[in-house]
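One structure below.
The values are calculated or read from the model by the stated rules, or taken from the named source; none is laboratory data. Every value quoted in this text rests on a predicted model; they were computed, and no experiment measured them. No Cβ is skipped: glycine too gets one built from the backbone with ideal geometry, and neighbour counts run over all protein chains shown. Just the protein is used for accessible areas: all its heavy atoms, side chains included, with ligands, DNA and RNA removed. Shrake-Rupley method; radii C 1.70, N 1.55, O 1.52, S 1.80 Å.
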Amino acid sequence: MSEVVYNRIAMLRAERGISRRQLAEALGVHYQTIGYLERGEFSPSLHLALRIARHFEVPVEVVFAAEPFPRLGDTTTAARSA
């Protein structure tokens, strides 16, 4: 049984207007690796996860999680944390 690692790579890429290929080149990986990561078909090594977070200049917990991220605009999640 493999563990799922959830991520926000696609969202972070979209916010910054960069393509999968551009991110892959910056990280030194194949562009298909970025697609596999975004779709959850591949979990990154710790080293790659840290490099991705560093590239986006955010803590690794902003990019990756063991639980699904709440949907943007989900008021029930916001109400629970208030």
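Identify, among ILE9, PHE56, LEU23, the residue whose Cα sits farthest towards the positive end of the charge dipole of the range 5-63, taking +1 on the Cβ of Lys and Arg and -1 on the Cβ of Asp and Glu, with the dipole about the Cα centre.
LEU23
Can you give the local net charge around MET11? Use residues other than it whose beta-carbon is closer than 12 angstrom to its beta-carbon, Lys and Arg +1, Asp and Glu -1.
+2
Please report the net charge: other residues with Cβ closer than 13 Å to the Cβ of GLU57, K and R +1, D and E -1.
In short, +2.
Starting from the amide H of SER43, placed 1.01 Å from N in the peptide plane, find each other amide H under 5 Å away whose residue is 5 or more places distant or on another chain.
Under 5 Å from the amide H of SER43: no residue qualifies.
Run the helix sum for the chain: -39,500 (n - 2.57) per DSSP H stretch of 4+ residues, divided by residue count, reported at 222 nm to the nearest 500 deg cm²/dmol. Don't skip to the answer; put the middle values down first.
Details: 6 runs with 46 residues, N = 82.
For the chain, the value works out to -14500 deg cm²/dmol.
Hey, any idea what % of the chain's accessible area is carbon plus sulfur with a 1.4 Å probe?
C and S atoms contribute 54 percent here.
FRET efficiency for SER19 and LEU46, Cβ-Cβ distance as r, R0 = 30 Å, nearest 0.05?
My answer for the efficiency is 0.75.
Once you list every other residue whose beta carbon is under 14 Å from the beta carbon of THR33, what net charge do they have if Lys and Arg are +1 and Asp and Glu are -1?
Computed value for this residue: +2.
Any idea what the alpha-carbon Rg over 2.2 N^0.38 Å comes to for the range 18-74?
Ratio of Cα Rg to 2.2 N^0.38 Å: 1.14.
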